[in-house]
1. Please report the Cα spread of the chain along all three principal axes, rounded to whole Å, starting with the longest.
2. When HIS199, HIS50 are ordered from fewest to most other Cβ atoms inside 10 Å of their Cβ, what list results?
3. Sort TRP169, TRP56 so the one with the fewest other Cβ atoms within 10 Å of its own Cβ comes first.
4. Can you tell me the length gained on complete extension of the stretch PHE24 to THR124, counting 0.36 nm per residue apart and subtracting the Cα distance?
5. Calculated from DSSP H runs of 4 or more alone, at -39500 (n - 2.57) each and per residue, what is the 222 nm mean residue ellipticity of the chain, nearest 500?
6. Considering Cα pairs under 8 angstrom that are at least six residues apart, work out the relative contact order of segment 117-253 and quote it in whole percent.
7. Could I have the simple spin-label model distance between GLU254 and TYR140, label points 7 Å from Cα toward Cβ, reported in nm to one decimal?
8. Greater than 22 Å separation of Cα atoms is the criterion. Which listed pairs, LYS37/LYS245; LYS66/LYS119; LYS52/LYS80; LYS37/LYS66; LYS37/LYS63; LYS37/LYS80, meet it?
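Readers should treat all values here as calculations from the given coordinates under stated rules, not as data from a laboratory. Being a predicted model, the structure only gives us computed values, none of them experimental. Virtual Cβ from ideal backbone geometry, glycine too; neighbours counted across all protein chains shown.
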Amino acid sequence: MNTTGAITGYIDVAQLVLYAFWIFFAGLIIYLRREDKREGYPLESERSEHIKVQGWPAMPAPKTFKLAHGGEVQAPSPEKDRRPIKAEPIAPFPGAALAPTGNPLADGVGPAAWGLRAKEPDLTFEGEPKIVPLRVATDYAVARQDIDPRGMAIVGADGVAAGTITDVWVDRSEPQVRFLEFKVAATGRSALVPIYFAHINAGRSQVEVDAILGSQFAGVPGLSNPDQVTLDEEDRISAYYGGGKLYAEPSREEPLL
């Protein structure tokens with residue numbers, strides 16, 4: 001019997017395919033693990049600023065990315081992040097938790113942290129600002145079966161009213177409400193609250209925000225353009241309310257038990 005070329009008689013093809021899959025999968029894991037180190041690495045060492053903490057595998061070589069609004073950015077960035085950390089360790093040992101030293105809602109610490117995003121608005125497919133108030137998106141309106149919050153008072157976790165809802169901000173790409181705009185009574189300026197931090201109480205005709213206190217609405221980050229919100233502003237505004245969940249009042253920082 002002629003068996004020339006019949007490699008299956010001498011080699012276990014199924015086992016070779018299994019080994020090839022293992023090698024491919026291991027390579028995929030290493031590739032993805034390197035790619036997820038494009039931001040946030042190298043980590044800072046508490047022992048010395050000269051120690052490069054990157055783990056294994058090592059960080060990838062810098063890659064240039066073209067931004068949607070123009071310009072380019074490299075990641076990992078060859079520039080070291082020099083932003084000041086407005087927090088200090090609560091104990092003298094490495095790895096101790098950090099406690100904010102300034103305004104914990106606005107200093108970017110813990111739940112109030114935000115990412116360095118573009119100071120440009122997110123855009124629709126047509127190139128228009130994506131998240132805008134109804135006064136700009138005139139082809140949108142609050143559905144008749146829904147509650148229109150405009151004109152309602154906005155109150156904090158302590159029940160103190162801080163202003164009045166003046167407009168609703170919608171996402172023109174995924175038709176839904178993103179923010180509520182309100183006029184701060186203490187300062188007269190306008191600010192936003194993300195809809196997922198707000199509870200519209202129709203019975204009391206008010207919008208309740210339990211993330212922060214009534215007096216803290218005056219510190220909500222503002223907008224550079226009254227009719228649009230940038231990606232950077234989106235993060236900072238959400239971070240302010242997120243920080244309030246822990247830092248709005250001292251009792252929130254204590255354990256429940």
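1. The principal-axis extents, from largest down, are 92, 55, 45 Å.
2. Fewest to most other Cβ atoms nearby, the residues stand as HIS50, HIS199.
3. Ranked by crowding around the Cβ, least crowded first: TRP56, TRP169.
4. 32.2 nm
5. It comes out at -5500 deg cm²/dmol, rounded to the nearest 500.
6. Reported relative contact order: 26 percent.
7. Rounded to a tenth, the inter-label distance reads 4.2 nm.
8. Violating the 22 Å limit, Cα to Cα: LYS37/LYS245.
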